[in-house]
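Beneath this line is the structure, given in structure tokens, with notes to follow.
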Amino acid sequence: MTNFFNWFFFFINIGSLGSVTILVYIQDNLGREWGYGICACAILMGLVVFLSCTKRYRFKKLVGSPLTQIAAVFVAAWKKRHLELPSDSSLLFNIDDVTEGSMKKKKKQKLPHSKQFRFLDKAAIMNQSGLEANKWSLATLTDVEEVKMVLRMLPIWATTVIFWTVYAQMTTFSVSQATTMDRHIGKFQIPPASLTVFFVAAILLTVPVYDKLIAPIAKKVLNNPQGLTPLQRIGVGLVLSIIAMIAAALTEIKRLRTASSHGLTTNPVAKIPLSVFWLVPQFLLVGAGEAFTYIGQLDFFLRECPKGMKAMSTGLFLSTLSLGFFVSSLLVTVVHKVTGNNKPWLPNNLNQGRLYNFYWLLTILSCFNLGIYLVFAKWYMYKDKRLADEGIELEEADPTFH
């Protein structure tokens, strides 16, 4: 499964490579309508291929919304908040107690009771009147434990958002920096947006290097058949993002000094005699970091979620990307408000700004975030290990139908 995630992400970025090279060149030289037209044709071709294989796909039977299950457990626990929990967890209602007449029976693997988030256990307390048919009043202990699984993943979810905030800078301020620098290779001038080719190239290089070199070494050193665990991969990505922001800050200081020494700070359209390739390290570092973080997140959220909540878990993972960009926008707004108009960090003319301070701010936030992440990563116990400690073998996914 880990290899699948690696190469799935690899081929996604093959497409990205074409977009930041060929498409950018076409848009700059022939017009944006050509770029949009080519994208539309590519999407149409992909849709045709997708639909042509419909009969080969496997679909899972729908068993209800995971959000409903989560809400029902919290509501049932709140209704019974004044009741005392039994000292023996076997007295709590579980899937073995479900009968056809009381509640709709679901095929689920019975999960062992855990001591975390014990307030939710009250959702599985049976009233003296007997079993209750309403899922909003009574939940199985297994349903409760599945909700606990989701709650355990939330700290990891929250502490990966900052990576995508760093990522956002590669498509915004780093590209803006590139427009002010010397972008020539001989007579050819690199379009600013095409500089992200180094970002994508780092991903395309990191994936096979990890798969063929790093993973085999990690398997031997860590005695882990996976190589690096999903949380370890995410951790590596977070560290690389910190180094990237340090490199970005130092490069921006170099750029401003060059602009100042040539008297170009007041000219917003001036081309500073500094090669754009000074920006390459930050693109390479964030690109490599994305290869570790994205695949680690995808692996973690799909492996660790309950079987019936994989779609929601994937959405939870992808939400960190969008939240990262929102946080980036929020930070920019706050920085504009705080630094004011006298000495703004992020003015329209970057040559008169202090973009390096913004990068230092992201470095500090990322370091603080990494510390929190390491605490929660150390605290987290993988689902298969938790079940193995209870002598339970993790069941495979439910059968699918065509």
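The values are calculated or read from the model by the stated rules, or taken from the named source; none is laboratory data. Fair warning: this is a prediction, and the values are worked out from it, not measured in the lab. Glycine also receives a Cβ, built like all others from the backbone with ideal geometry; neighbour counts cover every protein chain displayed.
Among the residues of the stretch 332-345, are any touching a residue at least 12 places away in the same chain (Cβ under 8 Å) and closer than 18 Å to Phe163 by Cβ? So far as the stretch 332-345 goes, yes, one or more of its residues are touching a residue at least 12 places away in the same chain (Cβ under 8 Å) and closer than 18 Å to Phe163 by Cβ. Note on the stretch 282-316: among residues that are within 18 Å of Ser65 (Cβ to Cβ) and surrounded by fewer than 21 Cβ atoms within 10 Å (Cβ to Cβ), the one that is farthest from the chain's Cα centre (by Cα) is Lys307.
Among the residues making up the stretch 235-266, those that are aliphatic (A, V, I, L, M), closer than 15 Å to Asp182 by Cα and in a helix (DSSP H, G or I) are Leu256, Ala259. In this structure, Gly353 does not satisfy being on the phi > 0 side of the Ramachandran plot and modelled with pLDDT under 95. Among the residues making up the stretch 360-377, those that are in contact with a Leu (Cβ under 8 Å, 6 or more places away or on another chain) and farther than 11 Å from Ile242 by Cβ are Leu361, Tyr373, Ala377.
When we screen Thr229, Thr179, Thr171 for residues that are crowded, with 18+ Cβ neighbours inside 10 Å and of a type outside the set (Lys, Arg), the only hit is Thr229. In the stretch 252-274, how many residues are under 35 Å from the mean Cα position of the chain (by Cα) and either charged (D, E, K, R) or within 14 Å of Gly353 (Cβ to Cβ) (or both)? Within the stretch 252-274, residues that are under 35 Å from the mean Cα position of the chain (by Cα) and either charged (D, E, K, R) or within 14 Å of Gly353 (Cβ to Cβ) (or both) number 5. Criterion first (in contact with a Gly (Cβ under 7 Å, 6 or more places away or on another chain) and modelled with pLDDT of 85 or more) does Pro66 satisfy it? Here the answer is yes, as Pro66 does meet what is asked. For the stretch 271-293, the criterion of being more than 30 Å from Asn13 (Cβ to Cβ) and assigned to a loop (DSSP other than H, G, I, E, B) is met by at least one residue. Hey, does the stretch 342-349 have a residue that's in the same structural domain as Gly237 (by TED's automatic domain parsing) and in a helix (DSSP H, G or I)? Within the stretch 342-349 (the criterion being in the same structural domain as Gly237 (by TED's automatic domain parsing) and in a helix (DSSP H, G or I)), the answer is no, since none of the residues qualifies.
Can you confirm whether Thr165 is in the same structural domain as Ile243 (by TED's automatic domain parsing), within 20 Å of the chain's Cα centre (by Cα) and either surrounded by fewer than 20 Cβ atoms within 10 Å (Cβ to Cβ) or more than 30 Å from Asn267 (Cβ to Cβ) (or both)? Taking the combined requirement at face value, the residue satisfies it.
Residues that are without any contact (Cβ under 8 Å) to a residue 60 or more places away in the chain, among the small types (Gly, Ala, Ser) and either under 23 Å from Ser329 (Cα atoms) or assigned by TED's automatic domain parsing to the domain that holds Thr229 (or both) do not occur anywhere in the stretch 127-136. It is to be established whether one or more residues within the stretch 258-271 are more than 15 Å from Gln169 (Cβ to Cβ) and buried (at least 20 other Cβ atoms within 10 Å of the Cβ). Yes; the residues of the stretch 258-271 include at least one that is more than 15 Å from Gln169 (Cβ to Cβ) and buried (at least 20 other Cβ atoms within 10 Å of the Cβ). Per this entry, Ile272 is counted among residues that are in contact with a strand residue (DSSP E or B) (Cβ under 9 Å, 6 or more places away or on another chain) and in contact (Cβ under 8 Å) with a residue 12 or more places away in the chain. Within the stretch 197-206, identify whether any single residue is exposed (fewer than 14 other Cβ atoms within 10 Å of the Cβ) and farther than 18 Å from Leu350 by Cα, and answer yes or no. No, the stretch 197-206 contains no residue that is exposed (fewer than 14 other Cβ atoms within 10 Å of the Cβ) and farther than 18 Å from Leu350 by Cα.
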